[in-house]
Each structure stands twice: as C-alpha cells, then as structure tokens.
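Written below as structure tokens is the structure these notes are about.
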Amino acid sequence: MIIAIIDGYTDEPAGLGVPPYLGIYPRYAYGAIKKARKDATIFYLTIDDLRFTFGGEQGIKTKNKTPNVFETRKILKKADLIVYIGGLHTPGKYLSAVPSQVDEVARFMKPFAGVKILGGPAFMGSAHEGGTKICSKELALANQVFDYIAYGDLEAFLYDFLTNPRDADPHRFRTYDELRDYALLGGEVVKQFPDYPDFVIVEIETQRGCPKAVGIGGCSFCTEPLRYRTVQNRPIEDIVKEIEVLYSLGVRHFRIGRQSCIFSYMAKPNGRVPIPNPEALEKLFRSIGNVAPKLKTLHVDNANPAVIANYPEESTQIAKTLIKYGTPGNVVAFGLESADPKVAKLNNLNATAEETYEAVKILNEVGAKRGYNGMPWLLPGINILFGLLGETKKSYEITFQFLKRLLDDGLLVRRINIRQVVIFPGTPLWYMKEKVKIEKHKKLIKHYKYRIRHEIDFPMLQRLVPVGTVLREVRAEVYDNGLTYGRQIGSYPLIVGMPKPVELNRFYDILIVGHGFRSITGIPLPVDINKESSKVLRHLPGIGKKNVIRILSRRPFKSEKEFLDIIEERYRALYRGRITLRQNL
Ligand code: SF4
C-alpha cells in the first residue's frame, strides 16, 4: 500500500508546523499509518513539492533539498491514499515556506485517483491574513475534493480507517494513551523533512485544551476551546520518550510549544487562573535534558500572563527551570490582545493589562540576561489582536499607551505581534460578527500599527540587541535582491538581513550593525576588512560612509592593529578578534 502525506503546513493558536518547524500532525499521521499497516510505504511531501511540480505560483527558492518532480508525480499517481494536512488560523509573516489553502491543493490533487483525506485544522477553514471572516466556499470545496475530512484527530481516523474502514469515525478524538505509539512510530518521518537534520525544529505537544477556557470560557475569537472542551495534560514519560526517539534520529532543536500555556502544564484547575505546578515542569525539563544532552534548542511558546502575575513565586520557579534546562533566545508569548478593560470583558480575554505588566516584569527579572547565543535567556512576547468586539478609537490608544509604558519602564519584550482578528465559524465572535468593526476601523488599525512599529518596536529592538551584539548560529535561509536573510532556530527568532549574498543553509555568527522595525542588519563574522565590498563596510559601526574611502585606499591592512588605529577608539573593542585580513586581493 502506498500512502502520501502532503504537508500544507499549519499555524494555529497553540501549534506551529511551518518549516523549519515540523508540526505534530504529519508525525502522528505517519505513526498511526505505521501502526495500522506495517506493509505501507509512506511518503512525506510538502506543499512546496507540489507547487514546484505542478507549477503553482509559490516557488521554492530556499529548500536545501531540491524536490524531485518526477518522484512527486510518481508518488501521487501510485498512492492508494493521499492525506493532506493544512490549516492556517493565526496567519503570520513567513520567511521561506508559505502555508497552503484548500483551493490551492485542490487544483494539484484533482487528477489523482487515491482516496483523499483532509486532516489538521483546515476543516475549520484557513485565513491568509487577519481581518477576514472564514468563507463557506472553502469549506464547501473541501467537501468536494476530499473523500473524508477528519473533524476529530487525523491520527485516530487514519488508524481506524486502515484497520476497520467501515466503523471509522472522522469525528473521533484520541486519548494520550492511544497517542503514545503513534508519536513514537511517527518520529521517523522527520527523515523526509526538507530541513532535516540540521535545521529542523520539532514542535512537541504537552497539553490540549485551554485551562482558562475550562474555567470561565474561551476568548471570543479562539478555536482551541471549540476543538478541545476539556484540558488534557500529556504524561511526562510520553513527552520525554518522543523526544528521545527524535533525538536518536538526529533532531537537535525542540520547541515544547503545543500548549495554550506552558506555565499551566499539570496545573491545578482553579477557575480563571489555574495554580501552576513547578515540580511537574522541573521533572519534564530535567528529563528532556537527560535524554537529549546535546540538544541545541529547547524553547517553549505560549503562556497566560494571568497565571504568572497571580502566582509569582511558582512562576518564577518555572521560569528558572526553563532557563536551567532550556537555551537562550526563549520566548513565551502572552496573549494580551487588548489593554482596554472594556474590550477584555466583552471578548472574555484571559488577562488584564495590569496582570500582563506584572508578568512581563517577572520574566524580565529572571530572564533578561544575555545568553551564549547573543539573545536574552527568556523574554515575554506580546500578542495584540485588532478588530475585537467593542473596540473604539480609545481602545487603540489604551493598548498603545500600555506598550509605551513597558518601553518607558525599561522592560524588554522580544516581539509585539499585531494581528487582525479572523472570525472562525463556531467561535463566540462568529455569532456576533455583525458587530465587529474591522472595516470601519481600517484606517485606525493602520495608524496604530504604524505607531507601534515606529515608536515602540524600533527602540525596543535597539535595546534588545544593541549594535555590536553577536548573534551565534544564524542560519542563512533566503537570498533576495542582494540581501541574505537568516535567523536562529527557535521560538520567534529575529530576522537578520545581511547586505551581501552568503552561502545558504549554513550557520553564521553575525555582528549586529543596525535595526529595522521588526528585523536587524548584521554582518557575518569574521569581517574580511581587506576584501569586503564598500556596501558592507559602510554598515560597520565606526566606519560608516565617511570612512569607507579611507579604508579602501589603505587596503590591504597587514595587521589588526593597523586597521584598529584608524577606527575611533570607542569602536575598537567590537573588532578585536573578529576580523580577518586576507592578503591575496
Ligand atoms: S487563553 Fe484564550 S486565546 Fe489562549 S487558548 Fe485559551 S481561549 Fe484560546
């Protein structure tokens, strides 16, 4: 039996599966198939393989494995079963891989005869940008194209379908007991992932459902409580075993990211704010360290600031655990969404602005120190959502002033993520969609986005990674118009633009030389002063446009000292041991 899994990539509130992230869905699907049918030959393809093969509009400039067009076509032709995984609920900006939608994949899949199954959050629809309502056309199309749509867990349906098709129920959810084997068997699919082995980061599940939603109901826009009405914590042993398998296959980057709040893992239910369980997190992360001693990245994703603010002692202990066993550059994203208390109430948001401020402060106290890869150890990120119910002109100003206060008080926030709400069927917002004023507030949203980028993000970025900081292990990922873009591997890595072409898919240590609103400019080290172009030299601190001519006329320099002598004294330390002086010009 030949089975093709097509990864259309997934991005949802509590889970990421866009390369270099390998999400949970393809792994679990692969594992369920393996368990059900030992004779199955399973191929993992990405939507980029299909785009490349069938001429879609999205090219693949950056993959480190060139897709084999003949193979992709052959696999799909021969496949008895084609499983498509997709769903984009929290659209963002993507550096290289762009998630797909059902209409795109429908075009590619039409000619193939295999039984077609749709899995992942795509059954609820997808949104390529914020500020939209999910349209029923996409869902109708999914019904036409696919023979089955897994409304429950794809892995549960696949197992049933392959062992007892007559009774397979696409609405069935699996338990963590059932998941155990799927997760362990499914790790192997990573070997077919384009970024394997050096660049892949694997998203690991710890929990499903939202503890806050169980206590007082979900946030008005969120799909997580719709899918999972209770909270289930995945057993520590199962998480650790899965990581052990992936580690033995060569994976070195992990994000313990598939959860709505890492600080609420194994927490005691307690209405709106569960009581955190630092011992469970200590055990989890210590055990991960034991089975993956040479891991390079261990990060997390979401946290509810209300939990941190209301349980500062326990949360400080958890933050220290994340630092002790994790790696620098770690970020916990706080879903503040709006600082306006009226909007917070109407949309049943999870934390107040005051709680979020407290949580930012607590994480700064524990995690703001710079780590060995150049980034602070553990910082908060803040999610803002525009277009919520009850927003007025004043709401935008209140949120702006809240963010400004963080900046003015000298706190660090790794990133402010501004999205516009996407209205999904079944969410509380769906039933009040007529009251949402996205269109009416379009200009206001644009105005405040601009202000936040210019007046907060820019100075925050300068504070976060000042000129002269060295970021270690930045992977060069995309080359575009004379610039190379790269990032470290981890949760919310900073995009670094290099003003020259460099070999892609290699790691570089980068000297930070300038800031944009959401990205930074850097030069790979060591800087070859005798060889670099004037375009690169003028970015260097202490050289700039003025000194470039002087440097060019004095080249070749014979020693570091000779070069340092013409640099202003305050910049010299930046260059000691970081330049080369090749003589063969
Ligand atoms: S806190 Fe709100 S946004 Fe976060 S998972 Fe729960 S319901 Fe969704």
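Would you mind telling me the antiparallel percentage of the DSSP bridges in region 470-580, rounded to 5?
75
Considering only DSSP beta bridges with both partners in the chain, what is the antiparallel share in %, to the nearest 5?
Once the DSSP bridges in the chain are tallied, antiparallel ones form about 30 percent.
Could you tell me whether region 136-217 comes out rounded, prolate or oblate from its Cα gyration tensor? Rule is a ≥ b ≥ c as square roots of the eigenvalues, rounded for a/c under 1.5, then prolate if a/b exceeds b/c, otherwise oblate.
Verdict is rounded for region 136-217.
Order these peptides, 340-347, 353-360, by their mean beta-carbon neighbour count within 10 angstrom, highest first.
Ranking, from highest mean packing down: 353-360, 340-347.
For TYR450 and ARG555, what is the calculated FRET efficiency with R₀ set at 51 Å and r taken between the beta-carbons, to the nearest 0.05?
My answer for the efficiency is 0.75.
Computing the accessible area with a 1.4 Å probe over protein heavy atoms, can you report the carbon and sulfur percentage for region 470-580?
Ligands and nucleic acids excluded, carbon and sulfur reach 48 percent.
Take each of the peptides 305-317, 504-516, average the number of other beta-carbon atoms within 10 Å over its residues, and list them starting from the highest.
Most protected by this proxy first, the peptides run 305-317, 504-516.
Between ASP181 and ALA573, what length in nm is gained on full extension when 0.36 nm per residue of separation is reduced by their alpha carbon distance?
Extra length from ASP181 to ALA573 when fully extended: 135.7 nm.
Using 1/(1 + (r/R0)^6) with R0 = 56 angstrom and r between the beta carbons of LYS440 and LYS38, what's the FRET efficiency to the nearest 0.05?
0.45
Please report the accessible area of HIS539 (heavy atoms, 1.4 Å probe, ligands and nucleic acids excluded) in Å², nearest 10.
60
Among VAL18, ILE85, VAL527, whose Cα projects farthest towards the positive end of the dipole of the chain, with charges put on the beta-carbon of Lys, Arg (+1) and Asp, Glu (-1)?
My answer, from the dipole projection, is VAL527.
Holding the Cα-Cα limit at 19 Å, pick out from LYS296/LYS324; LYS212/LYS437; LYS93/LYS500 the pairs that are longer than that.
In this structure, LYS212/LYS437; LYS93/LYS500 lie more than 19 Å apart at Cα.
Where only protein heavy atoms count, and the probe is 1.4 Å, what is the accessible area per residue for region 380-482 in Å²?
Value for region 380-482: 44 Å² per residue.
In whole Hz, what ³J(HN,Hα) sequence does region 297-304 give by Karplus (6.51, -1.76, 1.60; θ = phi - 60°), x for Gly and Pro?
Karplus-based 3J(HN,Hα) across region 297-304 equals 9, 9, 10, 10, 10, 8, 8, 8 Hz.
Could you calculate the contour length gain from GLU562 to ASP408, that is, 0.36 nm times the residue separation minus the distance between their Cα atoms, to one decimal place in nm?
51.3 nm
The values are calculated or read from the model by the stated rules, or taken from the named source; none is laboratory data. Computed from a predicted model, the values in this text were never measured in an experiment. With ideal geometry, Cβ positions are generated from the backbone for all residues, glycine too; neighbour counts draw on all protein chains shown. Side chains are part of the model used for accessible areas, which takes the heavy atoms of the whole protein and leaves out ligands, DNA and RNA. Shrake-Rupley method; radii C 1.70, N 1.55, O 1.52, S 1.80 Å.
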